[in-house]
Amino acid sequence: MAAPTNSNSLTSKQEGFCQSYIETQSYSTAYRENYSTSGMTEKTLWEKASRLAAQDKVRTRLNQLMEKHAEKHEITVERLTKEFLETYAEAKDAKQFSAATSALNSLAKMHGHMVERGVIKHQHEVSVLPPTEINAAIAEIRKLVAEKKAKTIDVSSVELLEAAE
């Protein structure tokens, strides 16, 4: 890794990472453009890039660059709000309801009224105990409760299952 020019500055690689991120909006791409990544899995690359971006001095520099970028392009919430409202009005007048809905969705997201939610699907196997094992487990629980070796558990509503043949 390149040495910093002074104790308060970033290394040349860290600065390059920040500059690349502003251009690409991708930590992984910015990391790949400034660090050796040969033989690295995508997962490792993403983890290293994320850790680098989370470092205080790197995060501070990224924020500075993003602010400058926004100012340079005059990107403000007010400007975006105005443009989305204009887009909505024009789309509605043209009876392009998909475009109108898209503009409203963008406005809602920008102002925090709508949050994208991802669904994480996890598949696992559930083993089903045969009724005889379930009955034995219930009987054991009742025995432990009766002997006060277990916390009180209300199993009075649990019916014993008949063994399926």
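Quick note: the coordinates plus some simple rules give every number you see, no bench work behind them. Source: prediction; values computed, not measured. Ideal geometry is used to build each Cβ from the backbone, glycine not excepted, and the neighbour counts take in all protein chains shown.
For LYS143, give me every one of the lysines with a C-alpha distance below 20 angstrom, ignoring sequence neighbours fewer than eight places off in its own chain.
Reachable lysines: LYS151.
In whole Hz, with x marking every Gly and Pro, tabulate ³J(HN,Hα) for segment 79-93 from phi via Karplus 6.51 cos²θ - 1.76 cosθ + 1.60, θ = phi - 60°.
My calculation for segment 79-93 gives 5, 5, 4, 4, 5, 5, 5, 5, 4, 4, 4, 5, 5, 5, 4 Hz in order.
In which sequence would VAL115, VAL145 go, from the one with the fewest C-beta neighbours within 10 Å to the one with the most? Could you put the intermediate results ahead of the total?
Numbers: VAL115 7, VAL145 15.
The order, fewest Cβ neighbours first, is VAL115, VAL145.
Evaluate the distance, in nm, between pseudo-label points positioned 7 Å from the Cα of GLN64 and of SER36 along their respective Cα→Cβ axes.
Simple spin-label model gives 2.9 nm for this pair.
What is the order of TYR88, TYR31, fewest Cβ neighbours within 10 Å to most?
Exposure proxy ranking, most exposed first: TYR88, TYR31.
What are the ³J(HN,Hα) couplings of segment 43-52, residue after residue, when phi is run through the Karplus curve with 6.51, -1.76, 1.60 and θ = phi - 60°? Round to Hz, x for glycine and proline.
Karplus values, whole Hz, x for Gly and Pro: 4, 5, 4, 4, 4, 5, 5, 5, 5, 4.
Taking other Cβ within 10 Å of each residue's Cβ, how do SER9, SER20, SER38 sort, fewest first?
Working: SER9 12, SER20 18, SER38 4.
Fewest-to-most ranking of SER9, SER20, SER38: SER38, SER9, SER20.
Taking Cα pairs under 8 Å and at least six residues apart, what relative contact order does segment 12-72 come out at, in percent?
Numbers: 47 pairs, mean separation 22.1, N = 61.
Dividing the mean separation by the residue count of segment 12-72 yields 36 percent.
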